[in-house]
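Read the figures in this text as sums done on the coordinates, not as results from a lab. Owing to the predicted nature of the structure, the values given are computational and were not obtained by experimental measurement. Counting neighbours? That spans all protein chains shown, and the Cβs are built from the backbone with ideal geometry, glycine included.
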Amino acid sequence: MPERGYYGQFGGSFIPEILVATFDELIQAFEEAKADPGFWKAYETLMGSYSCRPTPLSYAENLTEHFGGARIYIKREDLNHTGAHKANNVMGQGLLVKRMGKSRVIAETGAGQHGVATATMAAKFGFDCTIYMGEVDVQRQRPNVFWMERLGATVVPVTEGTRILKDAINEAFRDWVTNMDDTHYALGTACGPHPFPEMVTWFQSIIGQEARGQVLKETGRLPTRVYACVGGGSNAMGVFSGFLDDDVELVGVEAGGRGLDTGAHAARLASRDASLGVAQGYKTYFLQDDDGQMRETHSVAAGLDYVGVSPILSHLKESGRVRFAAATDQEVVDALSLTIRKEGLIPALESAHGFVQAFKEAPELSRDDVILINQSGRGDKDIFTVADAFDDPNWRQFIRDKAEEYDAR
């Protein structure tokens, strides 16, 4: 990996002087862990006994027949403990926290999956835990907030700024500056200052390692294309890592929101609306105005509603190694509905972005081709958002009845 976390012109570590010693300690612990074969073995053992690894590869036979093109396979990260790929990263960071002898973890979360995973890790290892979550996301991901609190975490709604993921990250960094002696910030995606992009990718690379072996065993060949949704980039980097050195096309799918021409989206690499900048400790493409102020973003999927993107993915975009597309909210809901009906699978709204682009392109390929979609999480957490998007009358009546019950108490 590049010195001090640079990937071409992207990455780096733009941090206040007060955090330099803390980052040096983290970098040293991470480098020692990477050099220790026993650490990765302990990590794999933990994930095998605690989080359903290796997660299976599912052949989507009905979707394959529906589209009539490439054979569609789905990497089932939704079957991880806590329901998403997020557990891979946080359990690995939990082992690092133990190695560093710290007793408290903090995290940011958007969709809530990283928050639940971090709170779970903290409960498992006996750490104190605080989760920062934008006030908007607290409202649209209430089930995950409930579980974080049941797991013993303190959930802090962030009321500043646009009250979504970027604001939660800012608050987590403020906490870390004042509590760095005993606290580790378990950043949830492949963004932020070095070593986080590299470290999160390293833990998430277990997805790609497994997927590569599984698809070869199942089909006798490598996939033609691999699809993953892209918010910060952790699940995409995880699955892409297994195929970077192969002749396999890698496709990242960002949040097209209400459409790229509306400005109400979160597409950094698939649109012309982003520009190079430095924020939250690293250099990458951000959705920002001419003065460098971060713009408001929009996505039906809280986990993709972020102004920046992994510096590694920015470099892979610039080098031409990864192709990027965007899926609109409506396309995502339609792809989710089709997947549920055809396969009995319920992807998270974030994951469904990858399905959208795969469904568009599968018919263009032959039955000899194989495509792989990373289902990074399951849709349980999205029930309020999805029921609203489907305009389900029975769900609306259920909510009214429950509200009347509470009012009567």
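Structure above, values below:
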| read-out | value |
| --- | --- |
| Value of Rg/Rh across the range 359-409 [Cα atoms, Kirkwood radius] | 1.32 |
| For the range 1-57, projected area of the alpha-carbon convex hull averaged over all directions, nm² | 6.3 nm² |
| Residue-span extension gain [Gln293 to Ile340] - 0.36 nm each, minus C-alpha spacing | 13.0 nm |
| Base-10 log of normalised Debye intensity for the range 1-157 (one unit scatterer per alpha-carbon) at q = 0.10, 0.18 Å⁻¹ | -0.49, -1.19 |
| Counted charge near Glu296, where neighbours are those whose Cβ lies closer than 13 Å (Asp, Glu -1; Lys, Arg +1) | 0 |
| Most mobile listed residue (Ile312, Ile72, Ile18) in the chain, GNM with C-alpha springs under 10 Å | Ile18 |
| Tail weight of P(r) past 41 Å, computed on alpha-carbon pairs of the chain, percent | 9 percent |
| Label-point separation in nm, Lys41 to Gln397, each point 7 Å along Cα→Cβ | 6.0 nm |
| Amide proton proximity set for Ala279, modelled H, under 5 Å, gap of 5+ | Thr284 |
| Hits among lysines - C-alpha to C-alpha of Lys283 under 25 Å, sequence gap 8 or more where chains match | Lys34, Lys86, Lys166, Lys317 |
| Top of Glu296, Glu32, Glu254 by mean-square fluctuation, Gaussian network on the chain, Cα under 10 Å | Glu32 |
| Fewest-first ranking of Val156, Val97, using other Cβ atoms within 10 Å as the exposure measure | Val156, Val97 |
